Amino acid sequence: MRQWWQDAVFYQIYPRSFADSNGDGIGDLRGIIGRLDYLATLGVEALWISPFFTSPQRDFGYDVADYRDVDPDYGSLEDARELIVEAHSRGIRVLLDLVVNHCSAEHPWFKAARASKEAPEHDWFIWKPLAGPLPNNWKCELELGPAWCPNPATGERYLATFTQFQPEFNWRNPELRTKIYDTMRFWYELGVDGYRLDVSTAYIKDEEFRSNPFSPNLVPDMFQRHIYDRNRPEVFEIFREMRAIGGDEKVLIGETHGRDPAMAAASYCEGEGLHLAFNFDLFDAPWDARAMRTTLERWYELLGPESWPVVTLSNHDRPRHAWRFRGRTKEETEGRARVAAALLLTLRGSPFLYYGEEIAMSCRRIPRAMLRDTLGIKTWPIGFIGRDPERTPMQWTSAAGAGFTTGRPWLPINPDYEERNVEAGLGDSSSTLARYRELIALRRATPELREGGLRFLDAGPGVLAYERFLEGGETLLVALNFASRSGALDISGDWEILIGEDGRERKLAACRLKLASLETLIAKRCRD
Ligand code: NOJ
Ligand code: CA
């Protein structure tokens, strides 16, 4: 049976940076509530909200100290309830970010576990003796040190592969599993519609704790092939158990991170595991029509007809795609962002947008004194490995504070906010924002785009083209010129243009179609 999450356009909110309702410079839940009407008009149907749970903010919420409460930075549990109700009343579902590979070192479970080997919680974490050499070469990814952190109180080391403040759970312990599953039920009862599962392919570690082999890749591998600290097949059992809790109405989307789309595809467990999984290859694909086609073909082939794809180009850990795909001029950069939007919103699979991409928000280099992300501070002065650049505040207006805050923003606002902001985009029918709205509306109104098949077409250099179709329904043509020079595509039959650039005739007949630089063309085949 077709499910809502196969049809929905998703939108990721990084709450710290979306909208600040009380002037402390930090985005919050009431801020999001205040922007729900905007999101409804944009046409998105589901939100994934990065963590807002109680946290010392060592990794900005990805270090949770209480899974059942809201951090005062973001508001209260009452605000979370209201946000869910208000979103639902606008036809928008809400996904939370479940961070259960690890918790915060401030979580009472870890505090009890590290105090004594006799504590019931001790075995909920992963321990090795303090004496002697490190157990293996595993790394603490955000601090670039060893993953084994000393705990003199018990004469042991605990495992932490992100920061030392994020001790990892021992998912082989059945009591721990029950605790996490109860947490999932808690939020389901409050009305949430599913979870994005943080680093889900890392829950289970190698039973023998073997060292990872070398990888030549820096980001995101950090020079190790993560085959022992992550990506273990035993994790699939957990995905099956998690799915059984919420059934198919509650969606589970895995952060199947790393550079292994085969692992991401396997995480669906033939309809019994995750409902959706991210393909991280899409974050590395260059701005090149042929390379993009190869990446997508590989993804579709790995998934097969049964596993539903996800397509996304940006998130809070990777440089924004407007920046990754930037051209030599402002126009070229903007043009590419518009082509990327058409790609995301016409492919087969649920699109995930990252806040601000609808106005082609970009990244900026952040001065050292203003860096907040541990990884960014550790890797300074190398730019764009740290994650602050993609987390700058949402640009709502041209007013001071960009309409994000009346106070001092927690991260500097990109100085281009005076021209690049939602208010300006709404007032300009040729803006990137207008294009996103047009594309989302077309997707919502067109079953062929939401659920139809996809067939790539051979096209001239620089052009990515495909058809979307439903048996007994219509056929749509999508032609995207990635190049900044003209491109070509042979078309047969008659077509009516649904979305195209100004100045183009609304009808097309069989021809060698010439596409202008960075042109988007979406057309429907005319019936006789
Ligand atoms: C993945 C999250 O997306 C990232 O922001 C975080 O630092 C790590 N998981 C650790 O939780
Ligand atoms: Ca605030």
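A few comments on the model shown:
- For a label point 7 Å along the Cα-to-beta-carbon line of Glu234, residues of the range 107-138 with backbone N under 16 Å: 123-128
- Averaging the sequence gap over all C-alpha pairs within less than 8 Å and six or more residues apart, then dividing by the number of residues, gives the range 444-513 a relative contact order of 24 percent.
- Take each peptide in 96-104, 402-410, 335-343, count the other Cβ atoms within 10 Å of every residue, and average; sorted highest first, the result is 96-104, 335-343, 402-410.
- Kirkwood estimate for the chain, i.e. one over the average of 1/r between Cα atoms, Å: 24.0 Å
- The label point for Ala115 and the one for Glu301, both projected 7 Å from the Cα toward the Cβ, are 5.6 nm apart.
- Once backbone amide H atoms are built at 1.01 Å from N, Val251 has Gly194, Tyr195 as its partners under 5 Å, excluding neighbours fewer than 5 places away on the same chain.
- By definition, a body whose alpha carbon gyration tensor gives a ≥ b ≥ c is oblate when a/c is 1.5 or more and a/b is not larger than b/c, and the range 124-223 fits this oblate description.
- Cross-link partners of Lys514 among aspartates and glutamates (Cα-Cα below 18 Å; sequence separation of 8 or more within a chain): Asp458, Glu467, Asp490, Asp494, Glu496, Glu501, Asp502, Glu505
- Theoretical FRET efficiency, 1/(1+(r/R0)^6), r = Cβ-Cβ of Ala434 and Ala153, R0 60 Å, to 0.05: 0.55
- Amide H to amide H distances under 5 Å link Val311 with Ser350, Phe352, where only residues 5 or more positions off or on other chains count and H is placed in the peptide plane.
- Estimated [θ] at 222 nm from DSSP helical runs (n ≥ 4, -39500 (n - 2.57)) normalised by residues in the chain, nearest 500: -7500 deg cm²/dmol
- Using R0 = 51 Å, the C-beta based FRET efficiency linking Arg506 and Arg81 works out to 0.60.
- Considering only the chain, percent of DSSP beta bridges that pair antiparallel, nearest 5: 65 percent
- Computed E for Ile382/Glu249 - FRET, C-beta separation, R0 35 angstrom, nearest 0.05: 0.20
- The stretch between Asp288 and Asn217, if pulled fully straight at 0.36 nm per residue, gains 23.5 nm over its current Cα-Cα span.
- The chain: relative contact order as a whole-number percent, Cα under 8 Å and 6+ apart: 12 percent
- Listed residue (Ala445, Ser398, Thr475) projecting farthest to the positive dipole end of the range 376-528, Cβ model: Ser398
- Here's the list of lysines a cross-link from Lys179 could span, going by alpha-carbon distance under 30 Å and ignoring same-chain residues fewer than 8 apart: Lys111, Lys117, Lys128, Lys139, Lys205, Lys250.
- Label-to-label distance, Cys526 versus Asp123, with points set 7 angstrom from Cα along the beta-carbon direction: 7.3 nm.
- For peptides 199-205, 263-269, sequence by mean Cβ density within 10 Å, most packed first: 199-205, 263-269
- The range 101-255, relative contact order [Cα under 8 Å, separation at least 6], %: 21 percent
- Here the dipole of the chain is about 1200 debye; that uses its Cα centre as origin and unit charges on the Cβ of Lys and Arg (positive) and Asp and Glu (negative).
- Inter-label distance, nm, simple model (7 Å from Cα along the C-beta direction), Glu208/Arg2: 4.9 nm
Rule-based calculations on the coordinates, nothing more; no lab input. Keep in mind that what you see is a predicted model, and the values were worked out from it rather than measured. Here the Cβ is made from the backbone with ideal geometry for all residues, glycine too, and neighbour counts use every protein chain on show.
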